[in-house]
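The values are calculated or read from the model by the stated rules, or taken from the named source; none is laboratory data. Everything numeric here is computed off the predicted structure, so don't read it as measured data. When we count neighbours, we look across all protein chains shown, and the Cβ atoms used for this are built from the backbone with ideal geometry, even at glycine.
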Number of protein chains: 2
Amino acid sequence: MPKSVVISVDAMGGDHAPAIVVEGVQMLAKAFDDGSLKVILHGREGDIEPLLAKNPDAARISRLCHTDTFVAMTDKPSQAIRKARGSSMWNAVEAVKNGEAHACVSAGNTGALMVLSKVLLHMAPNAHRPVIAASWPTVRGASVVLDVGANVECAPSQLVEFAIMGEAFYTALHGTQSPSVGLLNVGTEDLKGNGIVREADALLRRANLDLNYTGFIEGDGISMGAADVVVTDGFTGNVALKTAEGTAKLAAEFLRQSLKRSPLSMLGAFLSRGAYAELRSRMDPRKFNGGVFLGLGGVVVKSHGGTDGYGFSNALRVALNMARSDYAHSIASNLEKLALAISTAEKKDASL
Amino acid sequence: MPKSVVISVDAMGGDHAPAIVVEGVQMLAKAFDDGSLKVILHGREGDIEPLLAKNPDAARISRLCHTDTFVAMTDKPSQAIRKARGSSMWNAVEAVKNGEAHACVSAGNTGALMVLSKVLLHMAPNAHRPVIAASWPTVRGASVVLDVGANVECAPSQLVEFAIMGEAFYTALHGTQSPSVGLLNVGTEDLKGNGIVREADALLRRANLDLNYTGFIEGDGISMGAADVVVTDGFTGNVALKTAEGTAKLAAEFLRQSLKRSPLSMLGAFLSRGAYAELRSRMDPRKFNGGVFLGLGGVVVKSHGGTDGYGFSNALRVALNMARSDYAHSIASNLEKLALAISTAEKKDASL
């Protein structure tokens with residue numbers, strides 16, 4: 001039997017909680033019916049119990065942990081943190097801290113979840129800032145892109161940390177050993193880009209890390225699968241991710257409009273409807289739901305706030321894969337090597 | 001009759017020059033046969049004359065200006081500039097400087113063209129750095145995005161310059177008065193983003209410019225047409241543009257694969273082939289070819305190096321629209337207002 005895993009869930013987070021949360025748990029419970037998965041649902045008993053009554057598989061693997069308070073989607077992180085203690089989000093993260101759960105999932109307020117996770121779980125040894133990693137569909141399968149929004153400004157050494165954490169995350173999700181790591185830039189030649197990416201590139205080559213670093217990649221390389229792990233700062237990564245979402249929507253809209261242009265096209269579209277269903281499924285953002293906060297002393301998965309039950313079940317699946325993986329252990333030795341490389345470089349600078 | 005325009009062309013620039021250059025001129029000459037368009041082709045006589053013999057419309061509007069030297073695609077800007085004098089690229093830009101031509105087009109080495117344009121044409125009054133503006137397909141038509149690669153690091157006041165130049169460029173291309181201007185960010189709330197975009201946002205609101213500035217937009221807003229003009233630094237803009245290209249390719253590839261999944265889908269695809277042709281045309285990157293260097297004392301259009309005749313004809317069309325527009329005049333008063341706003345702010349700072 002696979003390793004038994006407990007996932008702690010903020011049942012009140014997200015635009016359509018707790019309904020989509022319980023639906024997501026139900027879907028995952030059906031897929032994993034070997035008894036190896038347990039879920040703790042943090043939230044309002046009166047809202048959740050009727051949902052569990054209608055979702056018997058979810059009920060079978062869930063334990064309810066009542067609380068009356070929750071963080072609103074519209075709260076600023078500073079407000080949220082003041083009233084967070086005892087909320088469904090707080091309790092979900094605290095369960096990871098206390099060792100009751102192996103990972104936690106919330107579709108709630110991103111900023112609040114980030115601050116609260118840092119306060120409760122602290123950083124992993126030698127990691128300095130949490131980073132949000134996202135999965136991205138490519139012609140070769142899926143890549144991991146990070147940071148997609150936590151750090152709008154990044155020092156070169158932070159980008160190297162992202163590379164280390166992203167590599168271990170990719171292995172946790174896909175099982176691939178030694179995935180390729182690329183650094184997002186405006187060109188692939190040495191002299192391209194700003195000082196930060198050039199210095200990060202030099203550090204990645206120099207720091208003697210156990211990484212399959214392949215150098216710079218450009219924006220079009222992400223969807224082409226030019227690297228398994230794409231490293232960038234949170235500003236660029238967020239813009240790239242959302243730009244890709246917008247472009248996919250634009251292509252879908254243009255396709256829809258074009259197929260309506262004549263009765264013949266419409267007939268063709270009807271005959272090809274299976275193909276369109278497959279296409280929609282391959283590009284479905286719900287399939288790639290579940291951004292992970294990496295660098296913390298515990299696993300926290302952020303689901304998209306507006307997702308549905310299927311999307312939430314995928315965020316739960318990411319948490320499950322992370323919990324079953326060797327993630328924490330595999331980043332430790334590389335982060336230590338990086339810290340050593342940086343302190344050696346600083347000593348050299350100081351002695352000049 | 002519309003204003004008579006002369007376009008100066010680097011006939012040797014690009015991967016497939018001079019063939020695609022002459023083809024592009026031929027296409028445009030057919031579309032504008034009223035005698036209002038003239039072209040000067042800079043390049044090797046022996047290579048270009050046989051092409052003109054086969055393209056009589058191009059020959060009708062073209063004058064050949066022989067030179068034996070040209071800038072290679074692989075030259076670094078610093079190398080290129082040393083041997084640039086007298087090259088086809090140099091002469092094409094110089095014709096704008098001398099007043100022989102209203103605008104110039106090259107599909108050659110971007111870095112070299114940028115440096116050389118700056119050396120020969122200097123900056124427009126009150127403009128500080130050239131910026132590359134690109135057209136982007138949206139659900140509402142097309143937007144202008146800038147910078148897409150010239151300035152990997154930008155001060156807030158530079159982003160405001162981009163807004164002013166982008167607005168005038170949009171009007172030159174599309175005729176729309178007072179197009180909306182948005183600033184690309186990782187969220188639409190005031191507190192989102194880094195210090196640079198927040199300061200640029202404040203400056204855009206404060207500087208008393210004659211601009212329809214609508215605030216922050218996110219990456220997905222570009223393709224959704226959230227703003228007519230999207231302002232960003234050259235690093236983010238380049239990554240966004242290439243990410244969108246990659247995503248469009250991914251969607252096309254997934255569609256192709258899905259339609260092949262069954263004989264029925266393939267039949268449907270055959271019946272809908274007109275719709276796919278229309279879709280391809282709407283997303284066709286050649287249609288959006290022609291990045292413009294804004295901020296210079298003359299119009300320089302950079303065509304994609306790998307484009308074909310159709311793509312090059314669109315770059316020529318951009319040059320023609322710019323040459324016929326009131327672009328230079330319309331940026332002048334706003335750049336003056338910006339310079340005034342900045343110097344006032346600096347005086348205030350100094351007097352504190």
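Of these, A:343, A:313, which one is within 23 Å of residue A:151 (Cβ to Cβ) and either modelled with pLDDT of 90 or more or of a type in the set (Ser, Thr, Tyr) (or both)?
Details: A:313 fails: within 23 Å of residue A:151 (Cβ to Cβ).
A:343 is the lone residue from the list that is within 23 Å of residue A:151 (Cβ to Cβ) and either modelled with pLDDT of 90 or more or of a type in the set (Ser, Thr, Tyr) (or both).
With the requirement that a residue be crowded, with 17+ Cβ neighbours inside 10 Å, charged (D, E, K, R), away from chain B (no Cβ under 12 Å) and part of a helix (DSSP H, G or I), what does the stretch A:195-228 give you?
A:201
Among (1) in contact (Cβ under 8 Å) with a residue 24 or more places away in the chain; (2) in a helix (DSSP H, G or I); (3) surrounded by 15 or more Cβ atoms within 10 Å (Cβ to Cβ), there is one condition residue A:307 misses while meeting the rest; what is its number?
(2) is the only condition that residue A:307 fails.
Which of the residues that make up the stretch A:94-111 are at pLDDT below 90 and either within 14 Å of the chain's Cα centre (by Cα) or not in a loop (DSSP other than H, G, I, E, B) (or both)?
Pass one, the stretch A:94-111, residues at pLDDT below 90: A:109-111.
Result: A:110, A:111.
Of all residues in the stretch A:70-100 being surrounded by fewer than 17 Cβ atoms within 10 Å (Cβ to Cβ) and away from chain B (no Cβ under 14 Å), which is farthest from residue A:122 (Cα to Cα)? Can you show your working first?
If we filter the stretch A:70-100 for residues that are surrounded by fewer than 17 Cβ atoms within 10 Å (Cβ to Cβ), which is where we start, we get A:72, A:74, A:76, A:78-79, A:82-83, A:85-86, A:98-100.
Within this subset, residues satisfying the condition of being away from chain B (no Cβ under 14 Å) are A:72, A:82-83, A:85-86, A:98-100.
Details: A:72: 23, A:82: 18, A:83: 19, A:85: 16, A:86: 18, A:98: 13, A:99: 14, A:100: 17 Å.
Filtering the stretch A:70-100 for residues that are surrounded by fewer than 17 Cβ atoms within 10 Å (Cβ to Cβ) and away from chain B (no Cβ under 14 Å), the one farthest from residue A:122 (Cα to Cα) comes out as A:72.
Applying the selection to the stretch B:89-113, what residues are touching a helix residue (DSSP H, G or I) at 6+ places or on another chain (Cβ under 7 Å) and among the charged types (D, E, K, R)?
Let us first name the residues in the stretch B:89-113 that are touching a helix residue (DSSP H, G or I) at 6+ places or on another chain (Cβ under 7 Å), namely B:89-90, B:93-94, B:96-97, B:101-109, B:111-113.
Residues satisfying the conditions are B:94, B:97.
For every residue, the table says whether it meets (1) out of contact with any strand residue (DSSP E or B) (no Cβ under 8 Å at 6 or more places or on another chain); (2) among the hydrophobic types (A, V, I, L, M, F, W, C); (3) at pLDDT 95 or above.
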{"residue": "B:209", "(1), (2), (3)": "yes, yes, no"}
{"residue": "B:220", "(1), (2), (3)": "yes, no, no"}
{"residue": "B:232", "(1), (2), (3)": "no, no, yes"}
{"residue": "B:239", "(1), (2), (3)": "no, yes, yes"}
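Within the stretch B:229-247, how many residues turn out to be surrounded by 23 or more Cβ atoms within 10 Å (Cβ to Cβ) and part of a helix (DSSP H, G or I)?
Taking the stretch B:229-247 as the starting set, the residues that turn out to be surrounded by 23 or more Cβ atoms within 10 Å (Cβ to Cβ) are B:229-244, B:246-247.
Right, trim to part of a helix (DSSP H, G or I) and you get B:234-244, B:246-247.
The total comes to 13.
Name the single residue that is modelled with the highest pLDDT among those in the stretch A:260-297 being surrounded by 22 or more Cβ atoms within 10 Å (Cβ to Cβ) and in a loop (DSSP other than H, G, I, E, B).
Ranking the candidates gives A:295 first.
Of all residues in the stretch B:18-51 being assigned to a helix (DSSP H, G or I), of a type in the set (D, E, K, R) and more than 21 Å from the chain's Cα centre (by Cα), which is nearest to residue B:311 (Cα to Cα)? Show your work before the answer.
In the first step, residues of the stretch B:18-51 are kept if they are assigned to a helix (DSSP H, G or I); the result is B:19-31, B:45-51.
Right, trim to of a type in the set (D, E, K, R) and you get B:23, B:30, B:45, B:47, B:49.
Filter once more, keeping what is more than 21 Å from the chain's Cα centre (by Cα): B:30, B:45, B:47, B:49.
Details: B:30: 15, B:45: 23, B:47: 21, B:49: 21 Å.
Top of the filtered list is B:30.
Filtering the stretch A:240-287 down to residues that are charged (D, E, K, R), more than 7 Å from chain B (Cβ to nearest Cβ) and under 30 Å from the mean Cα position of the chain (by Cα), which residue is nearest to residue A:303 (Cα to Cα)? Outline the logic, then answer.
Taking the stretch A:240-287 and keeping what is charged (D, E, K, R), we get A:242, A:245, A:249, A:253, A:256, A:260-261, A:273, A:278, A:280, A:282, A:284, A:286-287.
Right, trim to more than 7 Å from chain B (Cβ to nearest Cβ) and you get A:256, A:260, A:273, A:280, A:284, A:286-287.
Those left that are additionally under 30 Å from the mean Cα position of the chain (by Cα): A:280, A:284, A:286-287.
Working: A:280: 20, A:284: 14, A:286: 9, A:287: 11 Å.
Step by step, filter the stretch A:240-287, then rank; the result is A:286.
Output the residues belonging to the stretch B:145-194 that are outside any helix (DSSP H, G or I) and in contact (Cβ under 8 Å) with a residue 60 or more places away in the chain. Quick ask: steps written out before the conclusion?
Filtering the stretch B:145-194 down to residues outside any helix (DSSP H, G or I) leaves B:145-155, B:175-194.
Hits for the stretch B:145-194 are B:145, B:146, B:147, B:148, B:149, B:150, B:151, B:152, B:153, B:154.
Looking at the stretch B:41-51 only, could you name the residues that are touching a strand residue (DSSP E or B) at 6+ places or on another chain (Cβ under 8 Å) and surrounded by 20 or more Cβ atoms within 10 Å (Cβ to Cβ)?
So in the stretch B:41-51, the residues touching a strand residue (DSSP E or B) at 6+ places or on another chain (Cβ under 8 Å) come out as B:41-45, B:48-49.
Scanning the stretch B:41-51 gives B:41, B:42, B:43, B:48.
Kindly indicate whether residue B:127 is within 15 Å of residue B:294 (Cβ to Cβ) and either in contact with a Cys (Cβ under 9 Å, 6 or more places away or on another chain) or buried (at least 22 other Cβ atoms within 10 Å of the Cβ) (or both).
The answer is yes for residue B:127.
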